[in-house]
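One structure is given here, and the rest of the page talks about it.
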Amino acid sequence: MHIPTHILSGWIGGNFVPSFGARERFFCMVAAVAPDLDGLSLLGGGGCYYDWHHVLMHNLPFALALSLLLAYFSKPRFTAFAVYFGLLHLHFLMDLLGSGDNWQIEYFRPFSAKPFLSFGWDFLSWQNYLAAFLCIAASIGIIYWKKRTILEYPMPKLDRELTELFLKLVGGRRFRGR
(Lines give C-alpha, C1' and ligand atoms only; values in the text may rest on other atoms or scores of the structure.)
Protein backbone atom coordinates (compact mmCIF):
# COMPACT_ATOMS: atom_id res chain seq x y z
CA MET A 1 0.00 0.00 0.00
CA HIS A 2 1.16 3.56 -0.60
CA ILE A 3 2.93 5.46 2.18
CA PRO A 4 0.54 8.48 2.13
CA THR A 5 -2.38 6.07 2.57
CA HIS A 6 -0.68 4.57 5.63
CA ILE A 7 -0.06 8.04 7.09
CA LEU A 8 -3.65 9.16 6.56
CA SER A 9 -5.03 5.89 7.96
CA GLY A 10 -3.13 6.59 11.18
CA TRP A 11 -4.39 10.15 11.45
CA ILE A 12 -7.95 9.09 10.74
CA GLY A 13 -7.69 6.36 13.38
CA GLY A 14 -6.33 8.82 15.93
CA ASN A 15 -9.26 11.14 15.35
CA PHE A 16 -11.66 8.43 16.54
CA VAL A 17 -10.14 8.45 20.05
CA PRO A 18 -11.72 11.31 22.04
CA SER A 19 -9.02 11.27 24.74
CA PHE A 20 -6.21 11.84 22.24
CA GLY A 21 -4.52 15.19 21.80
CA ALA A 22 -2.48 16.45 18.88
CA ARG A 23 0.66 14.57 19.96
CA GLU A 24 -1.17 11.24 20.21
CA ARG A 25 -2.76 11.73 16.79
CA PHE A 26 0.72 12.47 15.41
CA PHE A 27 2.00 9.29 17.05
CA CYS A 28 -0.86 7.44 15.33
CA MET A 29 0.56 8.56 11.99
CA VAL A 30 4.03 7.44 13.09
CA ALA A 31 2.71 4.02 14.13
CA ALA A 32 0.79 3.64 10.87
CA VAL A 33 3.80 4.32 8.66
CA ALA A 34 6.89 3.32 10.70
CA PRO A 35 7.09 -0.29 9.43
CA ASP A 36 7.96 1.07 5.99
CA LEU A 37 11.26 2.40 7.33
CA ASP A 38 12.59 -1.00 6.30
CA GLY A 39 12.02 0.23 2.76
CA LEU A 40 15.21 2.26 3.21
CA SER A 41 16.91 -1.03 2.37
CA LEU A 42 16.47 0.20 -1.20
CA LEU A 43 19.60 2.27 -0.57
CA GLY A 44 21.48 -1.04 -0.64
CA GLY A 45 20.12 -1.84 -4.09
CA GLY A 46 17.12 -3.65 -5.53
CA GLY A 47 18.18 -7.06 -4.26
CA CYS A 48 18.57 -5.76 -0.73
CA TYR A 49 15.16 -4.11 -0.94
CA TYR A 50 13.42 -7.28 -2.08
CA ASP A 51 15.21 -9.29 0.60
CA TRP A 52 14.51 -6.97 3.54
CA HIS A 53 11.45 -4.78 2.87
CA HIS A 54 8.47 -6.21 4.77
CA VAL A 55 10.91 -8.16 6.96
CA LEU A 56 12.83 -5.97 9.41
CA MET A 57 9.95 -3.90 10.77
CA HIS A 58 6.86 -5.78 9.66
CA ASN A 59 6.71 -8.11 12.66
CA LEU A 60 5.32 -8.60 16.15
CA PRO A 61 8.45 -7.58 18.12
CA PHE A 62 8.67 -4.28 16.22
CA ALA A 63 4.93 -3.65 16.74
CA LEU A 64 5.25 -4.29 20.48
CA ALA A 65 8.41 -2.19 20.88
CA LEU A 66 7.14 0.81 18.91
CA SER A 67 3.71 0.71 20.58
CA LEU A 68 5.31 0.64 24.02
CA LEU A 69 7.70 3.47 23.16
CA LEU A 70 4.99 5.74 21.75
CA ALA A 71 2.58 4.90 24.58
CA TYR A 72 5.20 5.90 27.15
CA PHE A 73 4.98 9.47 25.81
CA SER A 74 1.18 9.44 25.46
CA LYS A 75 -1.88 9.87 27.63
CA PRO A 76 -3.81 7.70 28.41
CA ARG A 77 -1.05 5.13 28.05
CA PHE A 78 -3.04 1.91 27.88
CA THR A 79 -5.47 3.29 25.31
CA ALA A 80 -2.56 4.72 23.33
CA PHE A 81 -0.71 1.40 23.35
CA ALA A 82 -3.81 -0.44 22.10
CA VAL A 83 -4.46 2.09 19.33
CA TYR A 84 -0.82 2.19 18.18
CA PHE A 85 -0.60 -1.59 18.23
CA GLY A 86 -3.82 -1.80 16.21
CA LEU A 87 -2.60 0.75 13.66
CA LEU A 88 0.63 -1.16 13.17
CA HIS A 89 -1.42 -4.25 12.44
CA LEU A 90 -3.64 -2.28 10.10
CA HIS A 91 -0.43 -1.40 8.24
CA PHE A 92 0.49 -5.10 8.03
CA LEU A 93 -2.99 -5.98 6.73
CA MET A 94 -2.94 -3.17 4.19
CA ASP A 95 0.43 -4.44 2.95
CA LEU A 96 -0.79 -8.02 2.73
CA LEU A 97 -3.74 -6.82 0.67
CA GLY A 98 -2.19 -4.11 -1.45
CA SER A 99 1.46 -4.89 -2.14
CA GLY A 100 1.09 -7.27 -5.04
CA ASP A 101 2.23 -10.83 -5.54
CA ASN A 102 5.30 -12.40 -3.99
CA TRP A 103 5.53 -10.11 -0.97
CA GLN A 104 5.52 -11.60 2.46
CA ILE A 105 5.52 -10.56 6.09
CA GLU A 106 7.57 -12.57 8.55
CA TYR A 107 5.33 -11.66 11.48
CA PHE A 108 7.08 -13.74 14.15
CA ARG A 109 10.62 -12.83 13.10
CA PRO A 110 13.20 -13.31 14.72
CA PHE A 111 11.54 -16.28 16.43
CA SER A 112 10.27 -17.81 13.21
CA ALA A 113 10.87 -16.97 9.56
CA LYS A 114 7.58 -18.55 8.44
CA PRO A 115 6.05 -15.94 6.15
CA PHE A 116 2.52 -14.74 5.61
CA LEU A 117 2.20 -14.27 1.86
CA SER A 118 0.36 -11.36 0.32
CA PHE A 119 -3.02 -12.36 -1.01
CA GLY A 120 -4.49 -9.18 -2.40
CA TRP A 121 -4.12 -7.03 -5.44
CA ASP A 122 -1.29 -5.32 -7.31
CA PHE A 123 0.44 -2.27 -5.86
CA LEU A 124 -0.73 -0.01 -8.70
CA SER A 125 -4.32 -1.24 -8.63
CA TRP A 126 -7.64 0.53 -8.53
CA GLN A 127 -8.18 -0.89 -5.03
CA ASN A 128 -5.13 0.94 -3.67
CA TYR A 129 -6.19 4.13 -5.42
CA LEU A 130 -9.68 3.75 -3.97
CA ALA A 131 -8.21 3.27 -0.47
CA ALA A 132 -6.15 6.43 -0.96
CA PHE A 133 -9.18 8.36 -2.21
CA LEU A 134 -11.26 7.24 0.78
CA CYS A 135 -8.50 8.27 3.19
CA ILE A 136 -8.25 11.68 1.52
CA ALA A 137 -12.04 12.11 1.66
CA ALA A 138 -12.14 11.14 5.34
CA SER A 139 -9.28 13.56 6.05
CA ILE A 140 -11.15 16.38 4.34
CA GLY A 141 -14.17 15.51 6.48
CA ILE A 142 -12.02 15.71 9.61
CA ILE A 143 -10.71 19.12 8.56
CA TYR A 144 -14.31 20.30 8.18
CA TRP A 145 -15.80 18.75 11.31
CA LYS A 146 -12.87 18.65 13.74
CA LYS A 147 -11.17 21.83 12.47
CA ARG A 148 -7.67 20.34 12.27
CA THR A 149 -5.24 18.92 9.71
CA ILE A 150 -2.43 16.38 9.89
CA LEU A 151 -0.12 19.32 10.60
CA GLU A 152 -1.72 20.11 13.97
CA TYR A 153 1.19 18.78 16.04
CA PRO A 154 4.34 19.51 14.03
CA MET A 155 3.13 22.87 12.61
CA PRO A 156 0.21 24.26 14.66
CA LYS A 157 0.27 27.75 13.11
CA LEU A 158 0.16 26.38 9.56
CA ASP A 159 -2.55 23.95 10.66
CA ARG A 160 -4.75 26.85 11.83
CA GLU A 161 -4.07 28.87 8.67
CA LEU A 162 -4.84 25.95 6.33
CA THR A 163 -7.97 25.08 8.27
CA GLU A 164 -9.18 28.70 8.12
CA LEU A 165 -8.49 28.81 4.38
CA PHE A 166 -10.27 25.52 3.79
CA LEU A 167 -13.31 26.65 5.76
CA LYS A 168 -13.46 29.91 3.80
CA LEU A 169 -13.31 28.00 0.52
CA VAL A 170 -16.06 25.54 1.42
CA GLY A 171 -18.19 28.06 3.27
CA GLY A 172 -17.75 26.41 6.65
CA ARG A 173 -17.92 28.16 9.97
CA ARG A 174 -14.79 29.83 11.24
CA PHE A 175 -13.35 28.65 14.48
CA ARG A 176 -11.54 30.27 17.38
CA GLY A 177 -8.74 28.15 18.71
CA ARG A 178 -9.43 24.61 19.73
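The values are calculated or read from the model by the stated rules, or taken from the named source; none is laboratory data. This is a predicted model, so every value here is computed, not measured. For neighbour counting, all protein chains shown are included, and Cβ atoms are generated from backbone atoms with ideal geometry for every residue, glycine included. Accessible surface is based on the protein model in full, side chains and every heavy atom, while ligands, DNA and RNA are left aside. Shrake-Rupley method; radii C 1.70, N 1.55, O 1.52, S 1.80 Å.
Listing for the model above:
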| read-out | value |
| --- | --- |
| Simple label model, 7 Å out from Cα along Cβ direction - GLU161 to TRP121, nm | 3.8 nm |
| With every protein chain in place, the chain: carbon and sulfur % of accessible area (1.4 Å) | 70 percent |
| Surface accessible to a 1.4 Å probe, per residue, for the residues of region 1-157, Å² | 53 Å² |
| ILE136 paired with LEU43, simple spin-label distance in nm, labels 7 Å along Cα-to-beta-carbon | 3.0 nm |
| Under-5 Å amide H pairs with PHE116, H placed in peptide plane, nonlocal only | ILE105, GLU106, TYR107 |
| Net length gained if the chain between PHE16 and ALA113 were fully extended (0.36 nm per residue, minus Cα distance) | 31.5 nm |
| √(5λ) per eigenvalue of the Cα gyration tensor, region 1-68, largest first, Å | 26, 13, 8 |
| Exposure of LEU60 as accessible area (Å², to 10), given a probe of 1.4 Å and all protein chains | 40 Å² |
| Quotient of Cα Rg and 2.2 N^0.38 Å for the chain, N being how many residues it contains | 1.11 |
| MRE, 222 nm, helices only [DSSP H, n ≥ 4, -39500 (n - 2.57), over the chain, to nearest 500] | -18500 deg cm²/dmol |
| Relative contact order of the chain, defined on C-alpha pairs under 8 angstrom at six or more residues apart (%) | 20 percent |
